[in-house]
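Quick notes on the structure that follows.
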Amino acid sequence: MKTALQKAAVCAACLALAQSAFGNKNNIVGYINLVFQPGVNLVADQLLNTPDNSLDSILNASSSQRGLANNTTFTMWSSGAFLPLSVYNSSSDSWSINYQLDLGQGGYLSSPTLVTNTFVGSVGPYYVDGSSNNVNWTPNYPNGLQLVSNPTPIAGNLDFEFSNVTGRDPVAGEVVAMLDPLTQTYSESYFDGTQWIDQNTGYPSTAMLQVGQAAWFGLGANYDITMPTPVPEPDVLALIGIGAGMLFLRRNQSRTS
């Protein structure tokens, strides 16, 4: 059964869930309100959206309060490198690359402004009522740096989250780095073979992976995390420049009309 801490974490994260009238007790549908701070946000969509979990479906004008900011960028980490940046165009309400953010994956989103986005959908098949851990979740991530998340919208500390994210127990020397989007700073915790330790203080880690949050997982013994930063390609810079120019032109026309 879930612990009281895990239940409280779900409530504190404002995850609104309702059991579907047309499914069994594990068919849970609902929404997650996730705040994007100005700057970098490590995000996860932990619900199965209809029709899919593509960027155009889950991050758009209607999913965001006051609209998703123009020139918001998004990328993902794959095989030790960032994928090309996708840029959001508010005029067309679409992304330059329509990535799919599936359960368990993490996204690297840079927002120019403060935005609240609502993810809507059903909880995936790895959650089973009465179990405190994901069931049949075996992503088999290779050793190295991974930007990943819990496929189920449940918050918790690293003792709980590591196995639910990776599908296995930690080994000594593995590291998890979480971003505080409000301060734009990272906190790192490493597993000493017995417990998770805060890299800065040397004391037991109190880090919590929240609902809708992804994190960097350094997998493999004695892993040393170096935080990567995506570098925009020339065509991405051009897209952003065109978007900014059109926005300036539109504002100029409204002032003169």
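Kindly provide the set of residues from segment 148-184 that are within 16 Å of the chain's Cα centre (by Cα) and over 25 Å from V123 (Cβ atoms), ordered by number.
A177, D180, L182, Q184
Of these, T116, T75, which one is modelled with pLDDT of 95 or more, more than 25 Å from G167 (Cβ to Cβ) and either surrounded by fewer than 14 Cβ atoms within 10 Å (Cβ to Cβ) or touching a Leu at 6+ places or on another chain (Cβ under 9 Å) (or both)?
T116
Enumerate the strands (runs of 3 or more DSSP E) found wholly within segment 111-207, keeping only those where 3 or more residues are touching a residue at least 12 places away in the same chain (Cβ under 8 Å) and hydrophobic (A, V, I, L, M, F, W, C). Steps first, answer last, please.
Working: elements: 115-122, 144-148, 175-180, 185-191, 196-198.
Once the strands (runs of 3 or more DSSP E) in segment 111-207 are filtered for at least 3 residues that are touching a residue at least 12 places away in the same chain (Cβ under 8 Å) and hydrophobic (A, V, I, L, M, F, W, C), what remains is 115-122, 144-148, 175-180.
Residues of segment 91-101 being touching a strand residue (DSSP E or B) at 6+ places or on another chain (Cβ under 9 Å) and either in a loop (DSSP other than H, G, I, E, B) or touching a residue at least 40 places away in the same chain (Cβ under 8 Å) (or both), which ones? Walk me through it before giving the result.
Filtering segment 91-101 for residues touching a strand residue (DSSP E or B) at 6+ places or on another chain (Cβ under 9 Å) gives 94-101.
Selection gives W95, S96, I97, N98, Y99, Q100, L101.
Quickly run through segment 50-72 and pick out the residues that are among the β-branched types (V, I, T) and crowded, with 21+ Cβ neighbours inside 10 Å. Working first, answer last.
If we filter segment 50-72 for residues that are among the β-branched types (V, I, T), which is where we start, we get 50, 58, 72.
I58, T72, listed by residue number.
Considering only residues that are within 24 Å of F119 (Cβ to Cβ) and among the hydroxyl-bearing types (S, T, Y), look in segment 150-185 and name the one that is surrounded by the most Cβ atoms within 10 Å (Cβ to Cβ). Full working, then the answer.
Step one: of segment 150-185, the residues within 24 Å of F119 (Cβ to Cβ) are 150-158, 160-167, 176-184.
Now restrict to residues that are among the hydroxyl-bearing types (S, T, Y): 152, 163, 166, 183.
Working: T152: 24, S163: 16, T166: 22, T183: 10.
It comes out as T152.
Is at least one residue of segment 62-74 aromatic (F, W, Y), more than 23 Å from T229 (Cβ to Cβ) and assigned to a strand (DSSP E or B)? It would help to see each step written out before you state the result.
If we filter segment 62-74 for residues that are aromatic (F, W, Y), which is where we start, we get 74.
Now restrict to residues that are more than 23 Å from T229 (Cβ to Cβ): none.
Checking segment 62-74: not a single residue is aromatic (F, W, Y), more than 23 Å from T229 (Cβ to Cβ) and assigned to a strand (DSSP E or B).
What's the number of the only condition in (1) among the polar types (S, T, N, Q); (2) at pLDDT 95 or above; (3) out of contact with any Leu (no Cβ under 8 Å at 6 or more places or on another chain); (4) within 24 Å of T152 (Cα to Cα) that S94 fails to meet?
(4)
The values are calculated or read from the model by the stated rules, or taken from the named source; none is laboratory data. Owing to the predicted nature of the structure, the values given are computational and were not obtained by experimental measurement. All Cβ positions, glycine included, derive from the backbone under ideal geometry; neighbour counts span all protein chains shown.
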